[in-house]
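S.K.: Next up is a structure, given as structure tokens.
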Amino acid sequence: ILRDMRLNGNRAKQQSSDNWTSMWAVDIETNAANALYENLTIENMWSGGIRHVGDNSKIINNTFRNISWAAISISDASFGVEISHNNIFDSGTMFKDGGRGDSITTYRGGNHKISYNYIERGGKVEQIGAWKSPNTEISNNTLVDGLFMGIAPYSDDAIIKGNTVKNSAENAIDLRGANNNLVQGNIIDTVKGTTSKSNGGFEHTGINANGD
């Protein structure tokens, strides 16, 4: 359990790095099942916020500001992680690659629930990405002023419902490379890129998307 702390990376006085395996504010690389991260404030990082490996864990009610890589990263085949009620500002802003260029990202594993998060700016790849993480629910999040895409699961059998995406630079919801997804009751308010404008901010070319 890690809660009720403030971690300030003092980015203005530190050297930047492109080493994915180091320099996270919180980095749990071993299988830490049933972990809880709650009421943390993490800010001013040249690298990432929380990187976690472990099933059935919760990352809830945290605040992230000025995080160059992902604010939250779940990796290495973790299952059943809840990421909810977090406030994230200006994260995933340095690199345009999967993982570091997301605000929230998961990789492998699955059955996650990403809900009720507020994400403003950031997301040089997407604000929420769930790479190879099937059966993940992305619901009731609010995404504002994303630098590229809003929600892009890259996974099968995802549930994407009740989200609000405003002023996304490109596709608000992008389902390329994903199959058998339920997309329902999302609000898309203004997309800026030419690709997004041509299809109302919803990209589903060549995949099987269900819902409305």
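The values are calculated or read from the model by the stated rules, or taken from the named source; none is laboratory data. Just so it is clear, the model here is predicted, and its values are computed rather than measured. As a convention, Cβ positions derive from the backbone with ideal geometry for all residues, glycine included, and neighbour counts pool all protein chains shown. Remember, those area values only see protein heavy atoms, side chains included, never the ligands or the DNA or RNA. Shrake-Rupley method; radii C 1.70, N 1.55, O 1.52, S 1.80 Å.
S.K.: Ignoring any ligand, DNA or RNA, what whole percent of the accessible area of the stretch 16-149 comes from carbon and sulfur when the probe is 1.4 angstrom? Could you put the intermediate results ahead of the total?
M.R.: Details: 2150 of 4670 Å².
Ligands and nucleic acids excluded, carbon and sulfur reach 46 percent.
S.K.: Quick check for the stretch 1-150: number of Lys pairs with alpha-carbon distance under 20 Å, counting only pairs 8 or more apart or on different chains? Before the final figure, lay out the partial values.
M.R.: Details: Lys58/Lys113; Lys58/Lys132; Lys96/Lys124; Lys96/Lys132; Lys113/Lys132; Lys124/Lys132.
For the stretch 1-150, the number of qualifying lysine pairs is 6.
S.K.: Take every Cα pair under 8 Å in the stretch 48-149 that's 6+ residues apart, average their separations, divide by the length, and report that relative contact order as a whole percent. Spell out each step's value before the answer.
M.R.: Numbers: 337 pairs, mean separation 25.4, N = 102.
Across the stretch 48-149, relative contact order equals 25 percent.
S.K.: Within the set of other residues whose C-beta is less than 11 Å from the C-beta of Ile119, count the net charge using Lys and Arg as +1 and Asp and Glu as -1. Display every interim value, and only then the final one.
M.R.: Numbers: positive: Arg121, Lys166; negative: Asp90, Asp102, Glu120, Glu126, Asp145.
Net charge in that neighbourhood comes out at -3.
S.K.: Hey, another quick one. Need the list of aspartates and glutamates near Lys161 for cross-linking: C-alpha distance under 18 angstrom, and skip anything on the same chain fewer than eight residues off.
M.R.: Here the aspartates and glutamates satisfying the reach criterion relative to Lys161 are Glu82, Glu126, Glu137, Asp174, Asp189, Glu203, Asp212.
S.K.: Let me ask something else. Along each of its three principal axes, how wide is the spread of alpha-carbon positions in the stretch 79-176, in whole angstrom units, largest first?
M.R.: 27, 24, 21
S.K.: For the stretch 58-106, count all C-alpha to C-alpha pairs, find those more than 14 Å apart, and express that count as a whole percent of the total. Intermediate results must be reported in sequence, preceding the final value.
M.R.: Numbers: 562 of 1176 pairs.
So the pairs more than 14 Å apart make up 48 percent of the total in the stretch 58-106.
S.K.: If you roll a 1.4 Å probe over the heavy atoms of the protein chains, what accessible area per residue do you get for the stretch 66-198, in Å²?
M.R.: Numbers: 4550 Å² over 133 residues.
Accessible area per residue, the stretch 66-198: 34 Å².
S.K.: Skipping prolines and chain starts, which residues have an amide H placed within reach, meaning under 5 Å, of the one on Ile114, given they are 5 or more residues away or on another chain?
M.R.: It is Ile83, Glu137, Ile138, Ser139, by chain and number.
S.K.: Just to confirm a number: summing +1 for Lys and Arg and -1 for Asp and Glu over residues other than Gly129 whose beta-carbon lies under 10 angstrom from that of Gly129, what do you get? Show your work: numbers first, answer last.
M.R.: Values: positive: none; negative: Asp102, Glu126, Asp174.
Charge balance near Gly129 sits at -3.
S.K.: Follow-up. So for the stretch 113-185, averaging the separation of alpha carbon pairs under 8 Å that are six or more residues apart and normalising by length, what relative contact order in percent results?
M.R.: Details: 208 pairs, mean separation 22.4, N = 73.
It rounds to 31 percent for the stretch 113-185.
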